[in-house]
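The values are calculated or read from the model by the stated rules, or taken from the named source; none is laboratory data. Remember, predicted model here, so these are calculated numbers, not experimental data. Every residue, glycine as well, gets a Cβ built from its backbone with ideal geometry; the counts of neighbours run over all protein chains shown. Each accessible area value is taken on the protein alone, full model and side chains, heavy atoms only, with ligands, DNA and RNA left out. Shrake-Rupley method; radii C 1.70, N 1.55, O 1.52, S 1.80 Å.
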Amino acid sequence: MPNAADRYQQLKLITLGEQLTEALRAKDWERVGQVDLHIRNCLAELATLESPSPELVRVKKQLRELYERVLPAYSDACEKLRQLLVSHVDYAEGRSAYLRTDLLQGEG
């Protein structure tokens, strides 16, 4: 049977996993980052435990499985943002070239 500290950590991880799932569904990447930071801190605390309970190990495994789904979604969102930024840069560079051309034609 898990002790009170294990049970607290277990509930904390479950809650953070639910928050991560909710943020992922909403595609709220800022919130995903915030929850990820809390999870990282919690896992750092768990690393100091000598022998976590089987229940706590199970919750950590579930959380790892959740991350296996989160990381590809986050990567896809980053790629879409990258493509959007490249598109804006390309547009700005094209516009700048047209403006320079107009200026050069106006000088002649």
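Looking at E22, E30 in this structure, which one is in contact with a Lys or Arg (Cβ under 9 Å, 6 or more places away or on another chain), modelled with pLDDT of 85 or more and open to solvent by 100 Å² or more (accessible area, probe 1.4 Å)?
On the way: E30 fails: in contact with a Lys or Arg (Cβ under 9 Å, 6 or more places away or on another chain).
It is E22.
Is one or more of the residues making up segment 83-105 touching a helix residue (DSSP H, G or I) at 6+ places or on another chain (Cβ under 8 Å), in a helix (DSSP H, G or I) and open to solvent by less than 80 Å² (accessible area, probe 1.4 Å)? No, segment 83-105 contains no residue that is touching a helix residue (DSSP H, G or I) at 6+ places or on another chain (Cβ under 8 Å), in a helix (DSSP H, G or I) and open to solvent by less than 80 Å² (accessible area, probe 1.4 Å). Just one residue in the set E55, E68, E45, E79 is within 25 Å of the chain's Cα centre (by Cα), surrounded by 11 or more Cβ atoms within 10 Å (Cβ to Cβ) and assigned to a helix (DSSP H, G or I); that residue is E45. Residues in segment 1-60 that are within 14 Å of Y74 (Cα to Cα) and small (G, A, S): A23, A26, G33.
State yes or no: is Q62 touching a helix residue (DSSP H, G or I) at 6+ places or on another chain (Cβ under 7 Å), in a helix (DSSP H, G or I) and among the polar types (S, T, N, Q)? Against the criterion (touching a helix residue (DSSP H, G or I) at 6+ places or on another chain (Cβ under 7 Å), in a helix (DSSP H, G or I) and among the polar types (S, T, N, Q)), Q62 qualifies.
H38 meets the conditions (1) in a helix (DSSP H, G or I); (2) touching an Asp or Glu at 6+ places or on another chain (Cβ under 8 Å) in every case but one. The failed one is (2).
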